[in-house]
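Accompanying notes for the structure given below.
The values are calculated or read from the model by the stated rules, or taken from the named source; none is laboratory data. The structure presented is a predicted model; accordingly, all values stated were derived computationally and were not measured. Here the Cβ is made from the backbone with ideal geometry for all residues, glycine too, and neighbour counts use every protein chain on show.
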């Protein structure tokens, strides 16, 4: 029997993150994966056979009448191209982070989405975890008073067989922490940052680990530390941790708060997959089917991109940079 409420999806990009999104779709109600595409045709065929779907070119996915939404899961420098064309063909879009390192491209995505009346949701997956959604709700309610300090970290060893496929944590990882910082603390007034590197021959960007400090007009501070250099297996691991201290209390989250033992007694941490599950469910059943706005939208992506560019500048120039909201400019969407 055909489910008339079903949202039909196509993937552009079949890499590692596509596996997380497929698992999320498998668990989600009212959605079905129809087709996949990847520049690596062999990988696309492999995924299609695993998942029982068809392989198409991106152009064919845009044009298919049996596809309502497209997940753009490609390297970030291609996001604008695929997202722009998917929206132009009347598809809803979930675009992975980082949405774009160029704020103007994000502005253009938002303009097109508005023109065609479609959802374009940035892949700000952590904000959809129930625990981190609650952070936002509690801070916004004012019940803990004004936020004074935010600490966040993401620490794990990136193997050398994978490290060359990515662009360093400043571009690949920092995005999550900046949109969360905006959600909980607002926009900063100053940023400074330093980077370090041990495997200089493997990481040409020189940011194997990175430390960012942000100051806010209220006097609040945020501290972010990211590392691909080592694991944290201490008694209080900072693998992915967020702490917000407020005037009347505080909040704490760790991705290792829930642990599951596998049959061979290795640890699994289900909150990582759960953030994809919650994100996809919200996109399908709240945004597309009910018309709700994303919890973190293209405005947040625009500001995130702009701030990360300032942080890159601060790293290269080795100085503190002031962020003038007027300098960001009037958003044109």
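Just a few scattered comments:
- Failed condition for residue 67, given (1) touching a helix residue (DSSP H, G or I) at 6+ places or on another chain (Cβ under 9 Å); (2) farther than 28 Å from residue 166 by Cα; (3) not in a loop (DSSP other than H, G, I, E, B): (3)
- Residue that is farthest from the chain's Cα centre (by Cα), among those in the range 150-193 that are within 14 Å of residue 229 (Cβ to Cβ) and assigned to a strand (DSSP E or B): 155
- Selection status of residue 11, in a helix (DSSP H, G or I) and either surrounded by 15 or more Cβ atoms within 10 Å (Cβ to Cβ) or touching a helix residue (DSSP H, G or I) at 6+ places or on another chain (Cβ under 7 Å) (or both): no
- So residue 296, is it touching a residue at least 12 places away in the same chain (Cβ under 8 Å) and touching a helix residue (DSSP H, G or I) at 6+ places or on another chain (Cβ under 8 Å): yes
- Pairing each residue of the range 105-118 that is part of a loop (DSSP other than H, G, I, E, B) with any residue that is surrounded by fewer than 18 Cβ atoms within 10 Å (Cβ to Cβ), provided the two are 6+ apart or on different chains, yields C-beta distances under 9 Å for 117/90; 118/90.
- Residue list for the range 184-204, restricted to those being surrounded by fewer than 21 Cβ atoms within 10 Å (Cβ to Cβ), under 30 Å from residue 216 (Cα atoms) and in contact with a helix residue (DSSP H, G or I) (Cβ under 8 Å, 6 or more places away or on another chain): 187, 192, 194
- So residue 244, is it surrounded by 16 or more Cβ atoms within 10 Å (Cβ to Cβ) and either closer than 22 Å to residue 195 by Cα or outside the structural domain of residue 189 (by TED's automatic domain parsing) (or both): no
- Checking each residue in the range 206-221 for being surrounded by fewer than 17 Cβ atoms within 10 Å (Cβ to Cβ) and not in a strand (DSSP E or B) picks out 206, 217, 218, 219.
- Check on residue 69, in contact with a strand residue (DSSP E or B) (Cβ under 6 Å, 6 or more places away or on another chain), surrounded by fewer than 21 Cβ atoms within 10 Å (Cβ to Cβ) and within 21 Å of residue 25 (Cα to Cα): no
- Residue check for residue 166: without any contact (Cβ under 8 Å) to a residue 12 or more places away in the chain and surrounded by fewer than 19 Cβ atoms within 10 Å (Cβ to Cβ): yes
- Residue in the range 38-48 that is under 21 Å from the mean Cα position of the chain (by Cα) and surrounded by 18 or more Cβ atoms within 10 Å (Cβ to Cβ) present: yes
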